[in-house]
Amino acid sequence: MSSVNELKAEGNKAFSAKDYDRAIELFSKALELDQSNFVLWSNRSAAKAGKRDYEAALEDAEQCIKVNPSWSKGFARKGAALHGQRQYDQAIEAYEAGLKLEDSPALKKGLEEVKAAKAADEGGEGAEAMGLGKMFGDPNLIGKLATNPRTQKHLADPNFVQMLQAMQKNPSMANNFLQSDPRMIDVLGVLMGIDMQGFTRPEGSEELPPGVPGASASTSSPKPTSPSPQPKASTSTPPKPKDADVEMKEAEPKIDSEEAQAKKAAEAEKKLGSEAYKKREFEAAAKHFEKAWEL
């Protein structure tokens, strides 16, 4: 008979492999042996949230808090589950309660994300419909994904196809799916013409996907500085791209063409996305690339 720690370790492996059903099964078996193990309640909550079963995830998060009310991560699980249910005010309360126990970066990030989601729902739903709605509302969407090797394999999963169809019908769901399912990053890349394969590179790799501003910096960075009328920038190689970016932003008011201004703004969003990618903040990167597409 497996021990609690063995079952937990196996559950963690299944969770890492995104086999959430198996992870839930293993964590449940471990909980049968030790109901007082608050880490198991937390882990099972995370696995249920991975399946987007936010109601069940919330139940486990609350049980985790009940067993150990001084552990801040239980409040992070509760906040995430409430966020998934779009109960933003309650999610904010959960994250703030956790921050009273521990000044955790994860709790701070969760709080920022739920506040942003609340603001988007209250004032940005029209923008979503204009941006993501157009993107995922493309009648040739499935066809485009079927011809791209990166996304073709995803279409074999009926649940994935259902997600795409759900987003086409209800654009406001797109942002949640983008943040909860890594495969949507591939979809976003195909629709924007950016190779997102780099998003699956190992931890610590700073190589950027082709098409993202900043990729192959060693070969592309001198090009933007050559048309720039600043000879001083050429004396130091590393700062050149940064100096060029600042110059472009300052020059924007002189450009009469609205289309050119929009193009520059889109490039700026892509650069923000690439910076987020370098930090492996994939959700933030997706948001910036989404904004770039809207522009």
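The values are calculated or read from the model by the stated rules, or taken from the named source; none is laboratory data. This one's a predicted model, so the numbers in the text were calculated from it and none came from an experiment. Here the Cβ is made from the backbone with ideal geometry for all residues, glycine too, and neighbour counts use every protein chain on show.
Data overview
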quantity: Subset of the range 112-144 that is within 21 Å of Gln90 (Cβ to Cβ) and of a type outside the set (Gly, Ala, Ser) - its residue that is modelled with the lowest pLDDT; calculated: Glu125
quantity: Qualifying positions in the range 41-96 - in a helix (DSSP H, G or I), over 23 Å from Phe177 (Cα atoms) and of a type in the set (A, V, I, L, M, F, W, C); calculated: Trp41, Cys64, Ile65, Val67
